[in-house]
1. Which value, in Å to one decimal place, does the Kirkwood hydrodynamic radius take for the range 15-76 when every pair of different Cα atoms is included?
2. Measure off 7 Å from each Cα along the Cα-to-Cβ vector at residue 162 and residue 115, then give the distance between these two points in nanometres to one decimal.
3. What order, most packed first, do the peptides 88-94, 135-141 have when packing is the mean number of other Cβ atoms within 10 Å of each residue?
4. With only alpha-carbon atoms counted, please give the Rg and Dmax of the chain, in Å.
5. In which sequence would 23, 56, 73 go, from the one with the fewest C-beta neighbours within 10 Å to the one with the most?
6. Give me Rg/Rg_expected for the range 113-228, where Rg uses Cα atoms only and Rg_expected = 2.2 N^0.38 Å with N residues.
7. So what is the 222 nm mean residue ellipticity for the chain from helices alone, if each DSSP H run of at least 4 adds -39500 (n - 2.57) and you divide by all residues, rounding to the nearest 500 deg cm²/dmol?
8. Roughly what angle does helix 127-143 make with the longest principal axis of the chain, taking Cα atoms, 0 to 90 degrees, to the nearest 10?
Ligand SMILES: [Fe+2]
């Protein structure tokens, strides 16, 4: 028997509030902000700080503009974090041809599964929106002078078995050729990793996830995790 889930009396509504993200280089703040705009986040403030860095506030949806939730802050990686990362990289020979074995092991696992490390997920109600956003990213990664080669794009289809969904995805410009699978049914995932942003154990990049859940299914990728 599984552990009983605790239920609490409804004392008030809660929601996920905000996440603070960091771009790595002072001069790349505007480019990082442009990327978030391409991802569909809505810029509500661009504050230029005395240091020369931009502090941005984005919301995941225009409805969050006046609210305290659904917010993404974007600012320059603080000096002390940058210095610690540089010390870690030096000690573990990160970026050399003799990286520490634990670094190589982490890279191998991250290459297999974009969800292995820290990441942030955004839910899109429209699959067409998700496909359009990632078609734009694919194009930018090939041809945008500033973003070319700086995006790593990975996609997961749901576990197969739903004929309607399988047919829709077979016809998708993004998912038609995808052979990877999510840990569940009735939804898709799209991942963009960029070295414009810093996160995770090595601070080298950040992974952003975008999901769509097909309507009408209680069992989907974000409600019930399953292994193939
Ligand atoms: Fe995830």
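Just so it is clear, none of the values below were taken in a lab; they were calculated from the coordinates. Because the structure is predicted, anything quoted here is derived from the model rather than measured. Neighbour counts run over all protein chains shown; Cβ positions are idealised from the backbone, glycine included.
1. On the way: mean 1/r = 0.0860 Å⁻¹.
One decimal place: 11.6 Å for the Kirkwood radius.
2. In this crude label model, residue 162 to residue 115 measures out at 1.5 nm.
3. Details: 88-94: 14.0, 135-141: 15.6.
Taking the mean over residues of other Cβ atoms within 10 Å, the ranking is 135-141, 88-94.
4. Computed over the Cα atoms of the chain, radius of gyration and Dmax are 19.2, 58 Å.
5. Numbers: 23 26, 56 23, 73 14.
Neighbour counts put them in this order, fewest first: 73, 56, 23.
6. Working: Rg = 14.4 Å, N = 116, 2.2 N^0.38 = 13.4 Å.
The range 113-228 yields a ratio of 1.07.
7. On the way: 5 runs with 61 residues, N = 228.
Counting only the DSSP helices, I get -8500 deg cm²/dmol.
8. The angle comes out near 40 degrees.
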